[in-house]
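The structure under discussion appears below in the form of structure tokens.
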Amino acid sequence: MKIVTANRLSDGRVIYADPSGNPVEALDRAGRFDGEAADAALSRAARDPAIFVNPYLVEVEEGRPSGRDRFKELIRSQGPTVGHSLGHP
């Protein structure tokens, strides 16, 4: 399974495409896609550059990033590492 992730243009926050292709901030609300559906979800996000900046697919297993970039994606899903010092939730 795969999810679509990107950064939001307006504030740079990490976002995911939900099953309908809408942006969501929570990893657990991201849509899970297989095969051609994953490619279609990525294409849909790429056609909306006013929201999704540089979208890409990430492998997930049991709702968590897996594969080669799993550590990077786990950190991204937690939000900025300096967020609390800047007043972000």
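The values are calculated or read from the model by the stated rules, or taken from the named source; none is laboratory data. Since we're looking at a predicted model, the values are computed, not measured. Cβ: placed from backbone, ideal geometry, glycine included. Neighbour counts: every protein chain shown.
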Determine which single condition residue 71 fails, assuming it passes every other condition in (1) assigned to a helix (DSSP H, G or I); (2) loosely packed, with under 15 Cβ neighbours inside 10 Å; (3) modelled with pLDDT of 95 or more. (3)
Taking the range 14-31 and keeping only residues that are in contact (Cβ under 8 Å) with a residue 12 or more places away in the chain, under 11 Å from the mean Cα position of the chain (by Cα) and surrounded by fewer than 15 Cβ atoms within 10 Å (Cβ to Cβ), one is left with 25, 28, 29
Filter the range 1-55 for residues that are among the acidic types (Asp, Glu), modelled with pLDDT under 95 and over 14 Å from residue 77 (Cβ atoms) and give the result. 11
